[in-house]
Amino acid sequence: MLELYYLKEADSVCSNRAVVTLSEKRINDWTPHYIKLLEEDHFESDYLKINPKAVVPTLVHNGQPIRESSIICDYIDDLATEPALKPSDPLQRAYMREWIKDSDEIGFPGVAALNFVTRFRSVIDVKKLEKRWKKQPDLEKTLRQQSVIREGMDSDWVLRGIVGWDRIFRKMDATLSDGRPWIMGDNLTLVETCYAPLIKVLDMIKWLDIWFDGRPWVAHWWENLGQRPSVLGLDEYEGHTADINSDHAKAGLALVDEARAKLEKYNAARA
């Protein structure tokens, strides 16, 4: 029996990694358990038994929990032989895991900070958030959120996110410049399923042009990836819309010029 405890929301990137991977593997026989952050389901004792860090998602297979979204995606790929989402060559698998490591260490905290500073900072109930911080086991997550809430665009986490995604997209564009359709070559892999939900949030806040200007290869790759049924399925989630008048878009567009200026200043200082 396969069960997924997850957030069914457009900007719940870790949950959406698992959902996209299940879709690409054509695994439909799984039981959903919806977690609601606002109701603090992830702090309930039953959930903490399967995920002591109180993070989402958690995959449960035959009663055994699998945690951390990129590990969950790798596990899902092993549940069915086809279509394979990992290269058969050991060296290429190592390179694939390097991409995913960057998505975990650079991409995720970057998106978390940028989504927080645009969409959530102006509307979030800080008093409720302060109560949540007291329960939150992940100190780095708490420090990141506190910094972004208190310092806004001046937070170091925001600059790290902007610069980190510039590095990722630069590497992607160079990799794709040989005409390959996907990051690892002819076949879509876990690189795509792990990055797609992250980039979708950057698309929702309308910041992608910051990094895509002058990088046609990665822009084309994202256009194709965004049309996959697995990724399009996220459009049905609460809070997602590509509309320029959406809350995400309006919040992002209000700060996009400042973000671009920060990146230009950073790059100029290193020239």
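The values are calculated or read from the model by the stated rules, or taken from the named source; none is laboratory data. Note that this is a predicted model, so its numbers are computed, not measured. Cβ placement follows ideal geometry from the backbone for every residue including glycine, while neighbour counts extend to all protein chains displayed.
Things worth noting here:
- Test: VAL148 is touching a residue at least 40 places away in the same chain (Cβ under 8 Å), more than 17 Å from LEU38 (Cα to Cα), surrounded by 12 or more Cβ atoms within 10 Å (Cβ to Cβ) and assigned by TED's automatic domain parsing to the domain that holds VAL191: no
- Of the strands (runs of 3 or more DSSP E) that lie entirely inside the stretch 1-106, those containing 1 or more residues that are surrounded by 13 or more Cβ atoms within 10 Å (Cβ to Cβ), polar (S, T, N, Q) and not assigned by TED's automatic domain parsing to the domain that holds VAL191 span 58-61.
- Note on the stretch 54-66: residues that are over 18 Å from the mean Cα position of the chain (by Cα) and in contact (Cβ under 8 Å) with a residue 40 or more places away in the chain total 4.
- Options GLU192, GLU151, GLU140, GLU223: the member that is touching a strand residue (DSSP E or B) at 6+ places or on another chain (Cβ under 9 Å) and of a type in the set (D, E, K, R): GLU192
- Counted residues, the stretch 1-41 - those being over 23 Å from PHE108 (Cα atoms) and among the polar types (S, T, N, Q): 2
- Test for VAL111: is it free of Cβ contacts under 8 Å to residues at least 24 places away in the same chain, among the hydrophobic types (A, V, I, L, M, F, W, C) and either more than 15 Å from PRO197 (Cα to Cα) or buried (at least 17 other Cβ atoms within 10 Å of the Cβ) (or both): no
- If you go through the stretch 134-155 and keep only what is part of a helix (DSSP H, G or I) and within 16 Å of ALA261 (Cβ to Cβ), you end up with GLY152, MET153, ASP154.
- Flag for GLU258 being without any contact (Cβ under 8 Å) to a residue 24 or more places away in the chain, assigned to a helix (DSSP H, G or I) and of a type in the set (D, E, K, R): no
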